[in-house]
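Here's the structure we're looking at; comments come further down.
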Amino acid sequence: MVALLKNEYDIVIVGAGPAGCSAAYFSKFFDSDNKFNVLLLEKFSGEKYTEYHHMCGECISHAAFNEIQPLKPKYTIENIEIYKEHVVDNYVLEHKVKGYIIDRPKFFSYIIDEYLKLGGEFEKGTLTKIIQKNDYYNIEIDDKKTVKTKYLIAADGANSTIRKSMHIKDINKITAVQYIIDKESEHNVIEVFYDEIYNGGYKWIFPNGMTTKIGLPQMKDKKIKIDGKIIKKQARVIGFGGIENRVYNNIVLIGDAAGQTNAMSYGGIRPGMYAGKLAAEAIVKYKNPQRYEIKWKKSIFNSEIVNESFQKLEKMNNKEIIEHLEPFNSNIILAIMKIILFKKYRKYWKIYKAYNIERKIGW
Ligand SMILES: Cc1cc2nc3c(=O)[nH]c(=O)nc-3n(C[C@H](O)[C@H](O)[C@H](O)COP(=O)(O)OP(=O)(O)OC[C@H]3O[C@@H](n4cnc5c(N)ncnc54)[C@H](O)[C@@H]3O)c2cc1C
């Protein structure tokens, strides 16, 4: 495979996850004169790639597709209409939502096909080394082939080799564990469970065709009982909480490599794809990666309120979890009135603001 590579590219994107596929597709989408040689590089193929990308709830909102038009929601497994939030076995908040459970590996191959049709290249290979030259980079692939590129987009996930090799301060990470259960669950419904044992996170139960996905943050010191016959157990690291800078000369970090997953919801597909589009636009249309940095910093996805609220949730005990969500256990008008009228809710004001952001861009 690596032997087929050219010696020189304008843009190399490392990692064919949501962020990388989006960056690759939009690099060619914005390149209407077909002037840019673009390479998308991915270390996994076949079963390994499929396995890696199914290690996810695979849940994405309808709204995400407004940002990445003309890409379409293909290979959907479920249409999600109801969101149930179980608050410490005390009460359940139920809302109408619009989203999908998507077959991620198939969805990404659809995007890669569209990218190839626009003239992009896709190869299997692992980036092993980067050497910065004057105004370009030499990247080593599989420790044997060297390729020259002007721009390098790091979409290589939470444990990004590129971020590490640049000695950039590490991002916040959690390991999420997910069980595939041999049981159908209520279709069209996603459920989350809040409890102090999840340290600011939550347990989720998502339908997935004939099976169900149950996931939670890894908790080494606690035993969690999972109901149903477990077909498979998976675990993967998520990068959240952001990073100070995403652009270093012509190296651009996107997706989990830049800690762009939402700290409160663990939703990382949408922000990664949005960042991929912004990065591609900045490089191809404006030849200025800093435009991506500026646009990302101004975007609602880059929310300090969400990060700060997650830190507050991490410290909450069950009494506080129950108390702060209690106003929402009624209709929205009543909820707003309770929050305004009762002093005990005022200390949660920032968290309520974060929930409002979550409602718009959480997944
Ligand atoms: C259990 C679990 C459940 C989740 N559920 C959801 C959910 O329901 N909805 C949601 O929005 N988010 C969810 N997330 C978060 C989401 O999966 C991630 O935020 C998202 O995948 C990050 O996308 P990415 O493209 O940045 O990185 P990744 O998806 O990690 O992709 C990185 C790619 O880079 C490749 N790569 C790495 N290093 C190299 C290298 N050196 N050379 C070449 N290739 C390389 C990898 O093989 C991989 O294909 C979940 C995460 C977990 C762990």
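State the answer as a single residue: which of Tyr345, Tyr75, Ser22 lies farthest towards the positive end of the charge dipole of the chain, with beta carbon charges of +1 for Lys and Arg and -1 for Asp and Glu, about the Cα centre.
With unit charges placed on the Cβ atoms, the residue in question is Tyr345.
Please list Ser330, Ser61 in order of solvent-accessible area, largest first, computed with a 1.4 Å probe with all protein chains present.
Working: Ser330 35, Ser61 10 Å².
Descending order: Ser330, Ser61.
Which of Ile269, Ile283, Trp296 sits closest to the plus end of the dipole of the range 242-313, meaning its Cα is farthest towards the positive end, when Lys and Arg get +1 and Asp and Glu get -1 on the C-beta?
Ile283
Most mobile of Asn329, Asn288, Asn90 per a Gaussian network model of the chain (Cα springs, under 10 Å)?
Taking springs between Cα atoms under 10 Å, the residue moving most is Asn90.
Measure up Lys277/Lys297; Lys169/Lys353; Lys169/Lys222; Lys312/Lys344; Lys28/Lys360 against 19 Å on the Cα-Cα distance and list the ones that go over. Could you put the intermediate results ahead of the total?
Numbers: Lys277/Lys297 15 Å; Lys169/Lys353 28 Å; Lys169/Lys222 30 Å; Lys312/Lys344 16 Å; Lys28/Lys360 29 Å.
As for pairs spanning more than 19 Å Cα to Cα, those are Lys169/Lys353; Lys169/Lys222; Lys28/Lys360.
With every protein chain left in place, what is the accessible area of Trp204 in Å² (1.4 Å probe, nearest 10)?
Its heavy atoms expose roughly 20 Å² to the probe.
Could you work out the per residue convex hull volume over the alpha carbons of the chain, in cubic angstrom?
Working: hull volume 50.1 nm³, N = 363.
About 138 Å³ per residue, rounded to a whole number.
Return the whole-Å distance between the Cα centroid of the range 30-105 and the Cα centroid of the range 301-363.
26
How many nm separate the modelled label positions at Asn90 and Glu8, each set 7 Å beyond the Cα in the direction of the Cβ?
6.5
Give me the distance in nm between label points sitting 7 Å out from Cα along the Cα-to-Cβ direction at Phe342 and Met219, one decimal.
2.6
Calculated FRET efficiency, Lys98 and Asp170, Cβ-Cβ r, R0 25 Å, to nearest 0.05? All intermediate terms of the calculation are to be shown ahead of the outcome.
Working: r = 35 Å, r/R0 = 1.41.
E between Lys98 and Asp170, to the nearest 0.05, is 0.10.
Rank Arg359, Arg104, Arg236 by accessible area, highest first, at a 1.4 Å probe radius?
In descending accessible area the options line up as Arg359, Arg236, Arg104.
Sticking with the crude label model, points 7 Å out along Cα→Cβ, report the distance from Asn199 to Leu334 in nm, one decimal please.
3.7
Assuming a viscosity of 1.567 mPa s and a temperature of 4 °C, what translational diffusion coefficient in µm² per second does Stokes-Einstein assign to the range 199-250, Rh being the Kirkwood radius over Cα pairs? Spell out each step's value before the answer.
Numbers: Rh = 14.4 Å.
Calculated translational D: 90 µm²/s.
Within the range 54-93, find all residues whose amide N lies under 14 Å from a label point positioned 7 Å from the Cα of Ser299 along Cα-to-beta-carbon.
The answer is 64-69.
For a test of the definition: using alpha carbon positions, the gyration tensor, and the 1.5 limit on a/c, classify the range 128-262 as rounded, prolate or oblate. Working shown, then result.
Working: a/c = 2.91, a/b = 2.26, b/c = 1.29.
Prolate is the answer for the range 128-262, as a/c is 1.5 or above and a/b outweighs b/c.
Using a 1.4 Å probe and counting only protein heavy atoms, arrange Asp33, Asp182 so the residue with the most accessible area comes first. Don't skip to the end; give the middle numbers.
Details: Asp33 110, Asp182 85 Å².
Accessible-area ranking of Asp33, Asp182, largest first: Asp33, Asp182.
Which angle from 0 to 90°, rounded to the nearest 10, does the C-alpha axis of helix 18-29 make with the longest principal axis of the chain?
50
Just how much of Asp227 is accessible, in Å², when a 1.4 Å probe is used and the result is rounded to the nearest 10?
In the full protein context, Asp227 sits at about 90 Å².
Rank by packing, highest mean first: peptides 35-41, 300-306, 21-27, with packing defined as the count of other Cβ atoms within 10 Å averaged across residues. Intermediate results must be reported in sequence, preceding the final value.
Values: 35-41: 21.6, 300-306: 17.6, 21-27: 30.7.
Top to bottom by mean Cβ count within 10 Å: 21-27, 35-41, 300-306.
Compute, for the range 1-141, the length of the dipole vector about the Cα centre, with Cβ point charges of +1 (Lys, Arg) and -1 (Asp, Glu) only. Units Debye, rounded to 20.
Details: 16 positive and 21 negative charges, 39 e Å.
So the magnitude is around 180 debye.
Taking every pair of alpha-carbon atoms in the range 305-361, give the share separated by more than 13 Å as a whole percent. List each step's numbers first, then the result.
Numbers: 979 of 1596 pairs.
I get 61 percent for the Cα pairs in the range 305-361 exceeding 13 Å.
What is the magnitude of the charge dipole of the chain about its Cα centre, with +1 placed on the Cβ of each Lys and Arg, -1 on the Cβ of each Asp and Glu, and no other charges, expressed in debye to the nearest 20?
For this selection, approximately 740 debye.
The values are calculated or read from the model by the stated rules, or taken from the named source; none is laboratory data. Model, not experiment: these values are computed from the prediction. Glycine gets a Cβ as well: all are built from the backbone with ideal geometry, and neighbour counts include every protein chain shown. Heads up: the accessible areas ignore ligands, DNA and RNA and are worked out on the full protein's heavy atoms, side chains in. Shrake-Rupley method; radii C 1.70, N 1.55, O 1.52, S 1.80 Å.
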